[in-house]
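Take a look at the structure below.
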Amino acid sequence: MALTLRSSISLVNQKETKLPKAKDEVPTKVFYFGKTNPSFRLRAKSSMQQTHVTRNNSFNSEVTMINEKREKVHAPSVAHSHNDSMRVPVFVMLPLDTVTMGGTLNKPRAMNASLMALKSAGVEGVMVDAWWGLVEKEGPLKYNWEAYAELVQMVQRHGLKLQVVMSFHQCGGNVGDSCSIPLPPWVLEEISKNPELVYTDRSGRRNPEYISLGCDSMPVLRGRTPLQVYSDYMRSFRYRFRDYLGSVIIEIQVGMGPCGELRYPSYPESNGTWRFPGIGEFQCYDKYMRASLEASTEAIGKKEWGKNGPHDSGQYNQFPEDTGFFQREGTWNTEYGRFFLDWYSTKLLEHGEKILVSAKGIFNSCGVKLSAKVAGIHWHYKARSHAAELTAGYYNTRFRDGYLPIAQMLAKHGVVLNFTCMEMRDREQPEHCSPEGLVHQVKIAARTAEAELAGENALERYDAGAFSQVLSTSNSGSGLAAFTYLRMNKRLFEGDNWRLFVEFVKSMSEGGKRQRLPESDSCGTHLYVGHITGIQKQQEQAQEVALV
């Protein structure tokens, strides 16, 4: 379908200039920036047609000239008339497959067009996963950053900022995973030799999403420990992108578990193992985790507690009241239960701190922020035991705040706490869920610990209700330092979705105070550019760009 972005001023030249088509390319709809007085049109190519990319110096130079001219028209997003302390910058997550399995930038012309649109909408920047399974694919210490370097340069040309996720986890098998990117082949080879390297549940089911934290300090990856491997990876990134750190790349989100989140893989969707809103299962049955548990129980003279994890904690898709451990007066609130949950959650917290201490040492003088992502596990939040949070490693119950220790650890190292499910409302969820209550608790924990708080939406949402909820969250209490929107795709640029998103970005730039945009194009505005009305009209050369 055709996507139309209209502005209230002319951004392009009258002369039309088209990129040459590949000779085997069929006629298709395209992004077209041509003279339309007083608007420009953006058309999207069908996703069923593969883009044929012709790279040449003239294309790159023309794009650079366009962006240089547009910068004069589009004032930097940090410049607003209101108090800048109220401003909440918005970033947008790029597709999971931004870099292909072959190590190349996926659909660069489409990416260029999309970044152009995001910049025009007032977005601060974008976020991308730097997949361990792609970068160190060829062997230990053999890194290929070239596709990411191409992306960084493209982001820079558009005057945007970049958040980069050190993604040490597998892509695939979780909510929203649209592609499959496994761990590096040489790592998978080591796992095949020693399956104990990955998280394991009580029935012996292995999860290859992420290396078990139980072997963090064991030289199990061809002579290196997992912590050393993560550090070497981040150090390689710092060296390769040293000229962009602090200017283009402004944040490094450090992955510490499945989905890049500081948690255990307690609710894996792959193969139908878990379904919402099941309580999940503890992931402490690989030999390294069991050895740690045994040592901890012996230290307190309770050796019998170290033989195994809880025997009555149920299965993935059960509810708290179905189990002896999580029910209202269950084992979770006994001496044994409190010991086990403290050990399980402390191991996770220590794992996160070890990686962050390493990251802090590597990026300390680079001018970038560090952030860590915490999962928004809102189901069964109203139950006394908060069962789903417990299996994920968050020791949060009716009688204990499980997020304050996390916030305190992050604050100690100056790391931003990035929390999800900011878009969700209680009335949209089953009765036992409370995303709003959970977000409120995390905000209080962050404020108490004096940790900086940023947010994300957990699911793809394009509706006014979701945007309104994020605005409400960012405007209450101490607010948000930034918000990262999930995710850039074809649907985002569709008419009403795009209009609502641009309105949301503008409202966030004004501290969430603005409910509606007062200025719009009478012809059905899809792109709001009222904030640059009154600036001298600029004319730019037309450029046709394909969007898949």
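Values computed for the structure shown
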{"read-out": "Complete set of residues in the range 214-231 that are more than 18 Å from Asp286 (Cβ to Cβ) and either surrounded by 22 or more Cβ atoms within 10 Å (Cβ to Cβ) or within 22 Å of the chain's Cα centre (by Cα) (or both)", "value": "Tyr230, Ser231"}
{"read-out": "Hits in the range 286-316 (condition: under 31 Å from the mean Cα position of the chain (by Cα), part of a loop (DSSP other than H, G, I, E, B) and within 16 Å of Lys347 (Cα to Cα))", "value": "Asp286"}
{"read-out": "Enumeration of residues in the range 360-383 that are in a strand (DSSP E or B) and open to solvent by 10 Å² or more (accessible area, probe 1.4 Å)", "value": "Lys369, Leu370, Lys373"}
{"read-out": "Of the criteria (1) open to solvent by less than 30 Å² (accessible area, probe 1.4 Å); (2) basic (Lys, Arg); (3) farther than 19 Å from Glu209 by Cβ, which one Lys307 fails", "value": "(1)"}
{"read-out": "Which listed residue is among the hydroxyl-bearing types (Ser, Thr, Tyr) and without any contact (Cβ under 8 Å) to a residue 24 or more places away in the chain, from Tyr233, Tyr239, Tyr244", "value": "Tyr239"}
{"read-out": "Which listed residue is open to solvent by less than 10 Å² (accessible area, probe 1.4 Å), β-branched (Val, Ile, Thr) and either over 30 Å from Lys382 (Cβ atoms) or modelled with pLDDT under 95 (or both), from Val254, Val357", "value": "Val254"}
{"read-out": "Candidate set: the range 142-170, residues that are under 21 Å from Ile211 (Cα atoms) and in contact with a Lys or Arg (Cβ under 9 Å, 6 or more places away or on another chain); chosen: the one surrounded by the most Cβ atoms within 10 Å (Cβ to Cβ)", "value": "Val165"}
{"read-out": "Conditions (1) open to solvent by 30 Å² or more (accessible area, probe 1.4 Å); (2) assigned to a helix (DSSP H, G or I): number failed by Ala113", "value": "(1)"}
{"read-out": "Members of the range 185-213 found to be open to solvent by 40 Å² or more (accessible area, probe 1.4 Å), in contact with a Gly (Cβ under 8 Å, 6 or more places away or on another chain) and of a type in the set (Asp, Glu), listed by number", "value": "none"}
{"read-out": "Residues within the range 403-427 that are surrounded by fewer than 20 Cβ atoms within 10 Å (Cβ to Cβ) and either under 19 Å from Ser358 (Cα atoms) or in contact (Cβ under 8 Å) with a residue 24 or more places away in the chain (or both), tallied", "value": "8"}
{"read-out": "Those residues of the range 406-462 which are part of a loop (DSSP other than H, G, I, E, B), among the hydroxyl-bearing types (Ser, Thr, Tyr) and more than 17 Å from Arg263 (Cβ to Cβ), in sequence order", "value": "Ser434, Tyr462"}
{"read-out": "Test: Glu436 is out of contact with any Ser or Thr (no Cβ under 7 Å at 6 or more places or on another chain) and surrounded by fewer than 14 Cβ atoms within 10 Å (Cβ to Cβ)", "value": "no"}
{"read-out": "Filter result (open to solvent by 20 Å² or more (accessible area, probe 1.4 Å) and on the phi > 0 side of the Ramachandran plot) within the range 262-299", "value": "Asn271, Gly272"}
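The values are calculated or read from the model by the stated rules, or taken from the named source; none is laboratory data. In this text the structure is predicted, and so the values were computed from the model without any measurement. Ideal geometry is used to build each Cβ from the backbone, glycine not excepted, and the neighbour counts take in all protein chains shown. The protein model used for the area step is the full one, side chains on, heavy atoms only, and it has no ligands, DNA or RNA in it. Shrake-Rupley method; radii C 1.70, N 1.55, O 1.52, S 1.80 Å.
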